[in-house]
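Scroll down for the structure; my scribbles are underneath it.
Read-outs throughout are calculated quantities, based only on the coordinates presented, and are distinct from any laboratory measurement. Bear in mind that the values here come from a model prediction, so they are computed numbers and not experimental data. Cβ: placed from backbone, ideal geometry, glycine included. Neighbour counts: every protein chain shown.
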Amino acid sequence: MQPLKSVVTEVEAAIASGQDGKRVDTLRRITNLFVEQSPQLNEDHVAVFDEVIVRLAHEIEFRARVDLAERLADVANAPVKTVRNLAFDENAAVAAPVLERSTRLADEDLVEIARQRGQDHLMAISGRRHLPESVTDVLVVRGDERVVRKVATNDTAKFSEHGFSTMVKRAAEDAELQDILHGRGDLPAHHTTALIAAAKERARAEILSSMKGRDDLVADALDAGADAVMNATGPMILLSDLEAAEPRVTAIEMRGALTEDEIVRMLKADKLADALVGLAHVAKMSSEMVANAFSAPHFDPLLFIVRGVRFSWPTFKAFLLAKAGKTAPQSLLKSAFASYESLSIPTAQRVMRFVAARQKVTQT
């Protein structure tokens, strides 16, 4: 290995020359030397390289600093001062490689950078492996939409109760973040419930906003519909009925005949259990969950499922008629139709996924 004393001498000469080209060339050769020899270097030797590289890297051209960051980002014993200097660089292109990958940055450094720098720096940090709660707490507060989504997809990141709570609140206005969060296995159950509630409120808001100034009228109609369904004496669904319907529906599905029309035919033939099991098969949900949605006081749970599998309004109406005993109030059908028309299929499908996720949590 080139003697360290000669390395220092070469650096002094490069700096004294005042020539950027010579400084960059010297930096590149010394960095190459360090990377090649790094497995054999102790911390004292690394510290010497650290001093000389920091001096050479000061005020060099942008491209050279980016190259330096890329070279050092994956070196296990990279010079600490140099890595920190690069990480705190105001230009995110310089800082990003070490922010994303270098293990030589302390948690305190990451917290400080997350508090001081812009969104591109935060983006780089958010993809880093094994982020602690102290860092993610800052990211979910200061980060923009992109940052929060990225850190939420980081399966090695740790989140505090405050961090999860902040993301769930932000997810109320961010459908993509809702999808990401419900897929995290470490999300506490009470936050999963909050996500489902947020998705429902978002869907309701979409319905109301689409009615062009008729918010009060639609809200009243929805409430009236809820009362009508709550007071209706629909048929009782027993678990044994669902279990008995399962083989019949499975046989139909195996023949490729489990279509929307077939499910409507079941309803018209008073085969409610078969229709609910059929809907469950199409929606890839448990029959018990679909039956619970059918029996709910409000039609929303059933609406999310029917709309999520792209079934038509007549099919949803057939389920409502089956629930109400063939004579559903016109006010209920009117509000249900307005809700059906206004609820988007992607929103309905998101809610279905959230409900399925909540069921998994409660079963574990």
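Structure values in brief
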| item | result |
| --- | --- |
| Other-chain or far-sequence residues with amide H under 5 Å of Ala157's (modelled H) | His130, Leu131 |
| Order of Lys323, Lys268 under a 10 Å beta carbon neighbour criterion, fewest first | Lys268, Lys323 |
| HN-Hα J in Hz across the stretch 75-91 - Karplus 6.51, -1.76, 1.60, θ = phi - 60°, x for Gly and Pro | 7, 4, 10, 4, x, 5, 4, 5, 4, 5, 4, 5, 5, 8, 4, 5, 8 |
| Exceeding the 32 Å Cα-Cα cut-off - candidates Lys169/Lys268; Lys150/Lys317; Lys271/Lys334; Lys81/Lys158 | Lys169/Lys268; Lys150/Lys317 |
| Residue-wise HN-Hα coupling along the stretch 145-158, computed from phi with Karplus coefficients 6.51, -1.76, 1.60 (Hz; x: Gly, Pro) | 4, 5, 5, 5, 4, 5, 5, 5, 7, 6, 6, 9, 6, 9 |
| Taking the stretch 69-163 and dividing mean pair separation by its residue count, relative contact order in percent (alpha carbons under 8 Å, at least six apart) | 23 percent |
| Inter-centroid distance (Cα atoms) of the stretch 113-166 relative to the stretch 295-341, Å | 41 Å |
| Under 5 Å, built H, 5+ apart or other chain: amide partners of Gly127 | none |
